[in-house]
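Undergrad: Structure provided below as structure tokens; questions to follow.
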Amino acid sequence: MDTNLTKREKEQSFTSGAVHFILSHSYLLFLVAIVLGVVLQIGFPVPLFGTGVYSYLGSFMILGGSGLIYWAQTSSHRSEREMREKNTPRVFDCGPYKYSRNPTHLGLSLMTIGLGIVFNSFFIFICFIGASLISKFIFLRKEEALLEEKYGEPYREYKKKVSTWV
């Protein structure tokens, strides 16, 4: 590690790592919800829908959620890279972040609901609700507190303009 880093740079590096750590656990929670939902559905089959076009809707939601996640991640990386290269303040409202502070979570939600529809699984929906609540009230609150600490007033202004994914 570079010993020439200022105290502020070290704090920001730690904050970035902490935010990614929190988000990775939140994303992992959605995976656990899907796996648990599938296991419960296999053990206790409770279908939601009859047969029909629902699987097409679910597939469309999975693709849409995947596209939204890709858009969010590339927009975030581009904004961060521009901030470093041009030494300018961080821009928060780029790409899907103009419409939601948590577009990746929105994409994960669409994908999880889509999987629940494709698998016709009551339990994926139940597990999704639990994962969403835990994510919103634990992980996303911690993430936003860290981002406010790291970016200060610009992030607070962004929060006033753009709502969360729920």
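Undergrad: For Cα pairs less than 8 Å apart in space and 6+ apart in sequence, what is the mean separation divided by the residue count of the chain, i.e. the relative contact order in percent?
TA: Details: 180 pairs, mean separation 59.3, N = 166.
Relative contact order comes out at 36 percent.
Undergrad: Additional query: Once ligands and nucleic acids are excluded and a 1.4 Å probe is used, how much of residue 104 is accessible, expressed in Å² to the nearest 10?
TA: Result for residue 104: roughly 10 Å² accessible.
Undergrad: Report P(r) for segment 67-166: all Cα-Cα distances, bin width 10 Å, range 0 to the bin holding the largest distance, values in whole percent.
TA: Cα pair-distance distribution for segment 67-166, in percent: 15, 41, 30, 12, 3.
Undergrad: Could you work out the Kirkwood radius for segment 112-159, taking every pair of different alpha carbons, averaging 1/r and inverting it, reported in Å?
TA: Numbers: mean 1/r = 0.0798 Å⁻¹.
For segment 112-159, the Kirkwood estimate is 12.5 Å.
Undergrad: Bin width 5 Å, origin at 0, all Cα-Cα pairs of segment 54-116: what percent of pairs per bin?
TA: Pair shares across the bins are 4, 21, 22, 18, 14, 9, 7, 4, 2, 0.
Undergrad: Follow-up question, since we're still on this one. What's the magnitude of the charge dipole for segment 30-120 around its Cα centre, counting Lys and Arg as +1 and Asp and Glu as -1 at the beta-carbon? Answer in Debye, nearest 20.
TA: On the way: 7 positive and 4 negative charges, 55 e Å.
Result for segment 30-120 is approximately 260 debye, rounded to the nearest 20.
Undergrad: Would segment 9-116 count as rounded, prolate or oblate if I go by the C-alpha gyration tensor, calling it rounded below 1.5 in a/c and otherwise prolate when a/b exceeds b/c, oblate otherwise?
TA: Numbers: a/c = 4.60, a/b = 2.00, b/c = 2.30.
Because a/c hits 1.5 or more and a/b fails to exceed b/c, segment 9-116 counts as oblate.
Undergrad: State which entries of 98/136; 98/142; 136/159; 86/161 exceed 23 angstrom in Cα-Cα distance in the structure shown. Before the final figure, lay out the partial values.
TA: Values: 98/136 19 Å; 98/142 21 Å; 136/159 15 Å; 86/161 25 Å.
Too far apart for the 23 Å limit: 86/161.
Undergrad: Moving on to the next point. Subtract the Cα-Cα distance of residue 39 and residue 59 from 0.36 nm times their separation in residues, and report this length gain in nm to one decimal. Write down the numbers at each step before the final one.
TA: On the way: separation 20, 0.36 × 20 = 7.20 nm, distance 2.03 nm.
Length gained between residue 39 and residue 59: 5.2 nm.
Undergrad: Kirkwood hydrodynamic radius for segment 83-131: how many Å is it when counted over pairs of different Cα atoms? Walk me through the numbers on the way to the answer.
TA: Working: mean 1/r = 0.0772 Å⁻¹.
With all distinct Cα pairs of segment 83-131 included, I get 13.0 Å.
Undergrad: Can you find, among 67, 35, 89, the residue farthest towards the positive end of the dipole of the chain? Put +1 on the C-beta of Lys and Arg, -1 on that of Asp and Glu.
TA: About the Cα centre, the residue reaching furthest to the positive side is 89.
Undergrad: Probe of 1.4 angstrom, ligands and nucleic acids ignored: what's the accessible area per residue over the chain, in square angstrom? Mind showing how you got there, number by number?
TA: Values: 10130 Å² over 166 residues.
So the chain comes to 61 Å² accessible per residue, rounded to a whole number.
The values are calculated or read from the model by the stated rules, or taken from the named source; none is laboratory data. Here the structure is a predicted model, which is why all the values come from computation and not from measurement. Reconstructed Cβ throughout: ideal geometry from the backbone, glycine too, with neighbour counts over all protein chains shown. Just so you know, the surface numbers come from the protein's heavy atoms only, side chains and all, with ligands and any DNA or RNA stripped out. Shrake-Rupley method; radii C 1.70, N 1.55, O 1.52, S 1.80 Å.
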